[in-house]
Amino acid sequence: MKRLLVLAGGILQIAVIKKAREMGYYVIATDGDPKARGFNYANKSICVNITDEEEMLQVARNEHIDGVIHPCSELSMNVMGRINDELGLAGISRDQAIKATNKHLMREAFEAFGAPSPKSILTESAEDSWNRFENDLDTDSILKPSRNSGSRGIAKVVKGIEKEEFFKLYNVALKESRDKSVLIEQFIEGPEFSIEIIVWNREVNVLTVTDKKTTEAPHFVELGHNQPSCFPEETVRIIKEAAIAGVKALEVNNCACHAEVKVQNGRAYLMEIGARLGGDFISTELTHLSTGIDMVAAAVNCALGIEPCLEQKEEKHGVCIRYFTPKPGKLVSISNLEILDDPRVYKKKIYHEVGDIITEVHSSLDRSGHVIVTDKTPQKAIELAEKLIKNVKFETV
Ligand SMILES: Nc1ncnc2c1ncn2[C@@H]1O[C@H](COP(=O)(O)OP(=O)(O)O)[C@@H](O)[C@H]1O
Ligand SMILES: [Mg+2]
């Protein structure tokens, strides 16, 4: 029986743990939280600091694993790479993991390979960042932590902004950066997409393109995703092309990838690529619903060095997820929840309880729940999901 090590055992990892077991593999889930929900589904659970390289290497050796996967999270990509290197496993190396989690190194790799990427500058200080914004970038720009995720610390800065305000936003980005560095980038206007990919044997297979809905500037928190893309074929084609170039630039192999792209004036620009299954249920739920391809099973097999099946096995649907983001304040009631009992609702979840404080949506952690809807077309699924989001009432004071 093949043995799979799963790094992180939270809600987002449950689908992977369950799937790997269904496939007949022995699953060892690891997480720093002894109450991690994924522990309930694994063959064996180990409470351990998954960011500690030496400790995790020991776990991998003790458990005689055949593969390791870090789904829907980037916290321990380097650790995963190191385990792959030391144990000679199929997945990405430590060097590749570093490139795939450091936004500056990633931009450098894109540029060197010729993958389409916005102008991006690694800055040394608030003053340096301001000077670059004033002198080297002739468009609105975006400040972002070099290492983090979930839109944490990100802010758009528009031409004409006061220096004081710019510094404030810079400091937020700096505080959120795991390596204490901040990038300033040309801001790409336009719609945003993600691309779900399986790389096997150096071949980059695009499974689907996802349209995204995000909050406005400055934070761009994701409010929803739909598949397949509702955009014209030609747009979808250039999006796929950009994503494939980006994955090749990172040289990752035998893994799932989640690429993010924006399209401005008919040109696609890479935002970033995660060498992992995407979060927000995109890879774990939406993709199999819209393509009929079991992306999770494919990612699990890649990690174990087994050729993944990329054939359609299930019926295809239009599908979307939409997130609840109630008005900030203290939550006093939630009503109308019965409207979520609709056969087209595939899954739903409310994260907050009465009495909780709802904050403004500055990152994806601030959302209050979600609903996944399937229908004949993505347009129909969106229509229903938007209605449900509007009509479930979260009362805050
Ligand atoms: N150069 C850019 N131009 C326009 N929007 C950007 C740019 N960089 C990031 N964004 C927006 O901010 C979001 C988060 O940025 P990203 O680099 O993906 O960081 P995170 O790891 O937090 O997801 C993107 O999905 C996109 O909406
Ligand atoms: Mg991102």
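The values are calculated or read from the model by the stated rules, or taken from the named source; none is laboratory data. Just so we're clear, the structure is a prediction, and the values are computed from it rather than from any experiment. As a convention, Cβ positions derive from the backbone with ideal geometry for all residues, glycine included, and neighbour counts pool all protein chains shown. Quick note on the areas: whole protein, heavy atoms, side chains included, nothing else; ligands and nucleic acids left out. Shrake-Rupley method; radii C 1.70, N 1.55, O 1.52, S 1.80 Å.
Filtering region 351-397 to residues that are touching a residue at least 40 places away in the same chain (Cβ under 8 Å), open to solvent by 50 Å² or more (accessible area, probe 1.4 Å) and in a strand (DSSP E or B) leaves Lys393, Glu395. Evaluation of Asp211 against the conditions (1) of a type in the set (Asp, Glu); (2) modelled with pLDDT of 95 or more; (3) on the phi > 0 side of the Ramachandran plot shows that the sole unmet condition is (3). Check region 271-282 and report whether any residue there is in contact with a Pro (Cβ under 9 Å, 6 or more places away or on another chain), β-branched (Val, Ile, Thr), assigned to a strand (DSSP E or B) and within 16 Å of ligand 1 (Cβ to nearest atom). No, region 271-282 contains no residue that is in contact with a Pro (Cβ under 9 Å, 6 or more places away or on another chain), β-branched (Val, Ile, Thr), assigned to a strand (DSSP E or B) and within 16 Å of ligand 1 (Cβ to nearest atom).
Of the residues making up region 152-166, those that are within 28 Å of the chain's Cα centre (by Cα) and either within 16 Å of ligand 2 (Cβ to nearest atom) or surrounded by fewer than 22 Cβ atoms within 10 Å (Cβ to Cβ) (or both) number 7. Among the numbered conditions (1) touching a residue at least 12 places away in the same chain (Cβ under 8 Å); (2) away from ligand 1 (no atom under 12 Å from the Cβ); (3) part of a loop (DSSP other than H, G, I, E, B); (4) open to solvent by 20 Å² or more (accessible area, probe 1.4 Å), the only one that Ser149 does not meet is (2). Restricting region 128-149 to residues that are within 16 Å of ligand 2 (Cβ to nearest atom) and charged (D, E, K, R), which is nearest to Ala275 (Cα to Cα)? The extreme case among them is Arg147.
Can you report the number of residues in region 295-318 which are surrounded by fewer than 22 Cβ atoms within 10 Å (Cβ to Cβ), in a loop (DSSP other than H, G, I, E, B) and of a type outside the set (Val, Ile, Thr)? Selection size over region 295-318: 10. Contact map, region 221-247: residues that are modelled with pLDDT of 95 or more paired with residues that are open to solvent by 50 Å² or more (accessible area, probe 1.4 Å) and part of a helix (DSSP H, G or I), Cβ distance under 7 Å, separation 6+ or inter-chain. Pairs shown: Cys230/Gln379; Ala245/Phe113.
Here Lys156 meets the list (1) in contact (Cβ under 8 Å) with a residue 24 or more places away in the chain; (2) in contact with a helix residue (DSSP H, G or I) (Cβ under 8 Å, 6 or more places away or on another chain); (3) basic (Lys, Arg) almost entirely, failing just condition (2).
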